[in-house]
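Read the structure below first, then the notes.
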Amino acid sequence: MRVELMEIPSDPLDLIWRAYRQCCSSQFALELEEVSSEEKERFVKEMVKRGHHSPLEHVKFTFAIEGISRACSHQLVRHRIASYSQQSQRYVDMSEFEYVVPPVIAEIPEASKEFERVIGEIKKGCRVLKRILAERGIVGEKANEDIRFLLPNATTTKIIVTMNCRELLHFFSLRLCKRAQWEIRKLAEKMLEKCKEVLPAVFDEAGPRCKILGYCPECKRNCSKKYLQISQ
Ligand SMILES: Cc1cc2nc3c(=O)[nH]c(=O)nc-3n(C[C@H](O)[C@H](O)[C@H](O)COP(=O)(O)OP(=O)(O)OC[C@H]3O[C@@H](n4cnc5c(N)ncnc54)[C@H](O)[C@@H]3O)c2cc1C
């Protein structure tokens, strides 16, 4: 799995600081009295902690992601306050697809062998279908769009995702939870790492809901899957 931060505003902290300050200042956002970046950081951190999150919507982060499975990307794109551009299985020939092997399956020789066998059968099926369709003049995207019906959820994909900082905090609160599926949790961990590097004032305290609320909203108590255990 590869996660890169492709695009961020030139000074995200300043933008968020101005948005917060505009709410409580008589001055115009671009003419506010300048303060140090430490002061901006302190102020923004405090506002985020208070739950005043709408100013965070002004800053958007764009990630380029590759090597995740379609099982993972399907969960990702359920987050609606975001923009996506995903590699097409019509325009790209996927008959020799790459795939993700879940770690638990990879660790069990018997399971891994069966997994690889089925993947091999699917690839063989893709090749045979491709040949049969080509013999009838059905090639390129017309062939790909039907051959892809054989592809497994394990097939890897490439996707560009843009989310604003408020949506990112929401995404992290759901997907960093130990109850979330391992692959999207790993993706969320990698995205949070990048976010913390460029905007610690907003993301240093980000985490699953149990970290924010102090309890697990799913089991209503201190659940055994709580945050401190996720960062192995
Ligand atoms: C552990 C886990 C298990 C899951 N299991 C399943 C499952 O079995 N089946 C399944 O279908 N999904 C499942 N999901 C996906 C889940 O139902 C959501 O679709 C997904 O997490 C996106 O979250 P969201 O809707 O909160 O947020 P986003 O789409 O990211 O939106 C952010 C917030 O904006 C608001 N919002 C967005 N759109 C609307 C709207 N149309 N109307 C009102 N408010 C809106 C909501 O407050 C929402 O929380 C699971 C998610 C998790 C984390």
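Scan (1) open to solvent by 90 Å² or more (accessible area, probe 1.4 Å); (2) modelled with pLDDT under 95 for the single condition Met94 breaks and write down its number.
(1)
I want to confirm something. Restricting to the range 147-195 and keeping residues that are of a type in the set (Phe, Trp, Tyr) and within 16 Å of the ligand (Cβ to nearest atom), which single residue is most open to solvent (accessible area, probe 1.4 Å)?
Trp182
Please tell me if Val101 is touching a residue at least 60 places away in the same chain (Cβ under 8 Å) and either open to solvent by 60 Å² or more (accessible area, probe 1.4 Å) or of a type outside the set (Phe, Trp, Tyr) (or both).
No: the conditions fail for Val101.
Starting from residues that are modelled with pLDDT under 95 and part of a helix (DSSP H, G or I), keep the ones in the range 199-210 and report whichever is nearest to the ligand (Cβ to nearest atom).
Top of the filtered list is Arg209.
Evaluate the range 113-128: report whether one residue or more is more than 16 Å from the ligand (Cβ to nearest atom), in contact (Cβ under 8 Å) with a residue 12 or more places away in the chain and open to solvent by less than 20 Å² (accessible area, probe 1.4 Å).
For the range 113-128, residues more than 16 Å from the ligand (Cβ to nearest atom), in contact (Cβ under 8 Å) with a residue 12 or more places away in the chain and open to solvent by less than 20 Å² (accessible area, probe 1.4 Å): present.
Answer yes or no as to whether Ile8 is within 17 Å of Phe171 (Cβ to Cβ) and either in contact with a strand residue (DSSP E or B) (Cβ under 6 Å, 6 or more places away or on another chain) or open to solvent by 20 Å² or more (accessible area, probe 1.4 Å) (or both).
In short, yes.
Look at Val44 and say whether it is more than 16 Å from the chain's Cα centre (by Cα) and either in a loop (DSSP other than H, G, I, E, B) or under 16 Å from Asn164 (Cα atoms) (or both). Let's see the steps before the verdict.
On the way: more than 16 Å from the chain's Cα centre (by Cα): yes; either in a loop (DSSP other than H, G, I, E, B) or under 16 Å from Asn164 (Cα atoms) (or both): yes.
Yes, satisfied.
Can you name the condition, by its number, that Leu30 falls short on among (1) open to solvent by less than 50 Å² (accessible area, probe 1.4 Å); (2) farther than 18 Å from Cys195 by Cα?
Just one mismatch for Leu30, condition (1).
Count, please, the residues in the range 69-108 that happen to be outside any helix (DSSP H, G or I), among the hydrophobic types (A, V, I, L, M, F, W, C) and within 16 Å of the ligand (Cβ to nearest atom).
3
The values are calculated or read from the model by the stated rules, or taken from the named source; none is laboratory data. What you are looking at is a predicted structure, and each value in this text was computed from that prediction instead of being measured. So basically every Cβ, Gly included, is an ideal-geometry build from the backbone, and we count neighbours across all protein chains shown. Heads up: the accessible areas ignore ligands, DNA and RNA and are worked out on the full protein's heavy atoms, side chains in. Shrake-Rupley method; radii C 1.70, N 1.55, O 1.52, S 1.80 Å.
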